[in-house]
Amino acid sequence: MALVDLFDIKKQYDIKVLLDDIDFHLNEGERVAIVGPNGCGKSTLMKIVLGEEDPTEGKRVVNNAVQIEMLAQQPRFDASLSVRDAILNELNELREAQEEHARLSQEVARDFENSELLAKMERITAFLDHHNAWNLDDKIERVLQEFKLKEYEHRLVVSLSGGEQRRVALASFILKKPDVLLLDEPTNHLDVYMVEFLEEILLKEKFTLLFISHDRHFIDTIATRVIEVDNQQLVSYKGGYRAYLEQKEERMKSLAKTHDTLLKLLKREEEWLGKSVRAREKRNQGRKARVFELREQAKKNPTLIRKMQVELEREKRSWKGEKGLSKRKMLFEVEHLRYTIADKLLIEDFSTRILQRDKIAIVGINGAGKSTLLKLLLGRLKPDSGSIKKGDFSIGYFDQHREMLNDEHTLIETFCPNGGDHVDVQGYNMHVFAYLKSFLFPEEYLTKKVGQLSGGEKNRVALALLFTKNVECLILDEPTNDLDIPTITILEEKLIAFPGAVLFVSHDRYFIDKIASKLLIFKGNGVVEESYQSYTEYLEIEKEIKELSAMESEMKTVSAKETSKPKEKKQTKLSYKDQRDFDSLPDEIEELEAEIERLNTCLGDPECYQEKGLAALSEELSKLEEIYEEKSERYLELLELYESLQS
């Protein structure tokens, strides 16, 4: 059943067309991911679905009873509310429904034949079922724990950071469960364990979702369909992210085949147009117009096919990695490192070596010390104890605050501070426009000031600038934040090709799996582990270990309860009553069998049943058979007990 329908939608801002004559339908139970480069119209499409923006042309059809809600990038809260109260405030309708259900239950118990009451009860039960709102208090507790909000539950929500406030808003929405939930980058500000919890809830509770995300693992896990915004149109692909890539490759092959057919047809038509005088006749003007139309189509297809081919090849290439490395230079030698901040232990007795060409992902829970380790390696922080020996090499650093950028400089000034229009990129001298084009910047951006760019565009500039530096080691703190998927795949390609070492902090599982050959895992309380598994494999094994530990703990609890029970004195013989019944029942059963047989014989003899009365005989037989069943069952139980005591 479709909950949202968009027909012939066009959306235009001044002269820029974002969406042109598109249709979109969201069915109940679907989880649809919207992908495409930044600025292509993903958020606009979502706002049209929400009803927050009107299309320039076209029609939006949504039943008034359908509840659609969207997680804002910057949620707003009442300044007087605590974290817990802010969540409860969003759940008023569900709490009122619970109270109404309790009240109606009492009324129905008193008047269970009242059809009006029963109808109300049915409606309120269906509402609570749909929102799975029967045990709200337990769910609130779990979501506070999993989103690391429990410690803040009594703090004013407006006193939290922007990322923490988004977690509060997200917690409210997944508990509230609107008919349609719209999420814009829901995994931002969540560590990998929070993302796994979010995935679990969204799948278990059967949400209807429309979401934008650059987290390809999240898309692959959650999405039932992927919608790509491409050249003002929507292209729909079934399944998650990997299925989207496979289907996109098939589409590219189909387009290439169609293009070959088009070229053959165009060649034939061009020959006709060049040779035939008849082409000038009025009745052939339509065919002539068709030739011009084919020409335009033939011009467009190679660009589209090439664009898709580049994207897919980039995705494939960045999975290959490097093998067979020779002996490598030591960059960092870390020994027995310890670091605390405000009495919180972040790193305890940590030792490792970082070599040339290492690709290391630093992962773990939020606030455990991942970014702190980067600053210790950079020399911006000093350890409490232990040592970091650094070799003679240069470092390129990318942080979430983009400190290497000057908002007053244009892009050409940023990349060519000494004048000119060429830039050196790892030994290659390139025109700055050609280089920035590889980071998806059009030529007109060269004269734009950095301060005029969006957060995602600034990140792209900072990353592009980083690869122009002649360095042997790249240190990156959350490099994929605010980047769209096409830019992330470019970054992956650059990092894999980079000849030096790469150390990066990230929660993006797909990105980590493609880049990292080694993990440094921050477990909390100062514990840092090393692993050479893929991050996905590590998380799966960690989850299995937790499940086994939980099972083991449960078994120990059950065993302890059994042990703590007072030992019952073992029974060695039948009790007096049981022994008496065991001795007397065989004779009683035998007598009943004889009486039942006598009555059955009488019922078969007209003279007998006419004398005693058919109804009376039948009733007597029924009673005897019932007594016979009870006594037989009792005797079998006693016989089983007697045999067990004898063994």
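Using a Cα-Cα cut-off of under 17 Å, which aspartates and glutamates could be cross-linked to LYS329, ignoring same-chain neighbours fewer than 8 residues away?
ASP358, ASP392, GLU472
Using only alpha carbon pairs under 8 Å that are at least six residues apart, calculate the relative contact order of the chain and give it in whole percent.
Over the chain, the number comes to 12 percent.
Determine, for THR487, THR125, the number of other Cβ atoms within 10 Å of each Cβ, and report the residues in order from fewest to most.
Listing THR487, THR125 from fewest to most nearby Cβ atoms yields THR125, THR487.
To make sure I understand, if each residue's beta carbon is the centre and we count other beta carbons within 10 Å, what order do ARG242, ARG110 fall in, fewest to most?
Ranking ARG242, ARG110 by Cβ neighbours within 10 Å, fewest first, gives ARG110, ARG242.
Would you please put 407-416, 495-504 in order of how densely packed they are, using the mean number of other Cβ atoms within 10 angstrom per residue and starting with the highest?
Ranked by mean Cβ neighbours within 10 Å, highest first: 495-504, 407-416.
Using θ = phi - 60° and the Karplus curve 6.51 cos²θ - 1.76 cosθ + 1.60, what whole-Hz ³J(HN,Hα) does each residue of segment 441-448 get, with Gly and Pro shown as x?
Ordered by residue, 3J(HN,Hα) equals 9, x, 4, 5, 6, 4, 9, 7 Hz.
How much length is gained on full extension from GLU547 to GLN145, taking 0.36 nm per residue of separation minus their Cα-Cα distance?
Length gained between GLU547 and GLN145: 142.9 nm.
Which Cys residues of the chain have no other Cys Cβ less than 4.7 Å away and so no disulfide-compatible partner by this rule?
CYS40, CYS416, CYS473
Once you wrap a convex hull around the alpha carbon atoms of segment 576-646, what is its projected area averaged over all directions, in nm²?
About 5.1 nm², averaged over all directions.
Mind putting a number on the dipole of the chain about its Cα centre? Charges go on the C-beta only, +1 for Lys and Arg and -1 for Asp and Glu, and I need it in Debye to the nearest 20.
Approximately 5900 debye in magnitude.
State which entries of LYS10/LYS47; LYS10/LYS449; LYS16/LYS448 exceed 21 angstrom in Cα-Cα distance in the structure shown.
From LYS10/LYS47; LYS10/LYS449; LYS16/LYS448, over 21 Å: LYS10/LYS449.
Count the DSSP beta bridges whose two residues both fall in the chain, then state the antiparallel fraction as a percent rounded to the nearest 5.
55 percent
Give the share of C-alpha pairs in each 10 angstrom bin for the chain, from 0 to the last occupied bin, in whole percents, shortest bins first.
Whole-percent P(r) values from 0 Å outward: 3, 11, 17, 19, 15, 10, 8, 7, 5, 4, 2, 1, 0.
Rounded to the nearest 20 Debye, what is the dipole magnitude of segment 2-242 about its Cα centre when Lys and Arg each give +1 and Asp and Glu each give -1 at the C-beta?
In total the dipole reaches around 460 debye.
Ranked from highest to lowest mean number of other Cβ atoms within 10 Å per residue, what is the order of the peptides 453-465, 140-152?
Result, highest mean Cβ count within 10 Å first: 453-465, 140-152.
Normalised by the residues of segment 1-141, what does the relative contact order come to in percent, with Cα pairs under 8 Å and at least six apart?
That works out to 19 percent.
Need one word for segment 61-126: rounded, prolate or oblate. Basis is the Cα gyration tensor (sqrt eigenvalues a ≥ b ≥ c); a/c below 1.5 gives rounded, then a/b vs b/c decides.
Oblate, since a/c reaches 1.5 and b/c is not below a/b.
Using the Kirkwood radius built from alpha carbon pairs, what does the Stokes-Einstein equation give as D for segment 137-199 at 10 °C and 1.306 mPa s, in µm² per second?
My calculation gives 131 µm²/s for D.
Arrange SER172, SER394 by Cβ neighbour counts within 10 Å, fewest through most, would you?
SER394, SER172
Against the longest alpha carbon principal axis of the chain, how many degrees, from 0 to 90 and to the nearest 10, is the axis of helix 576-603 turned?
Tilt of helix 576-603: around 80 degrees.
Only the coordinates and a few stated rules stand behind these numbers; no lab work does. The structure presented is a predicted model; accordingly, all values stated were derived computationally and were not measured. Glycine also receives a Cβ, built like all others from the backbone with ideal geometry; neighbour counts cover every protein chain displayed.
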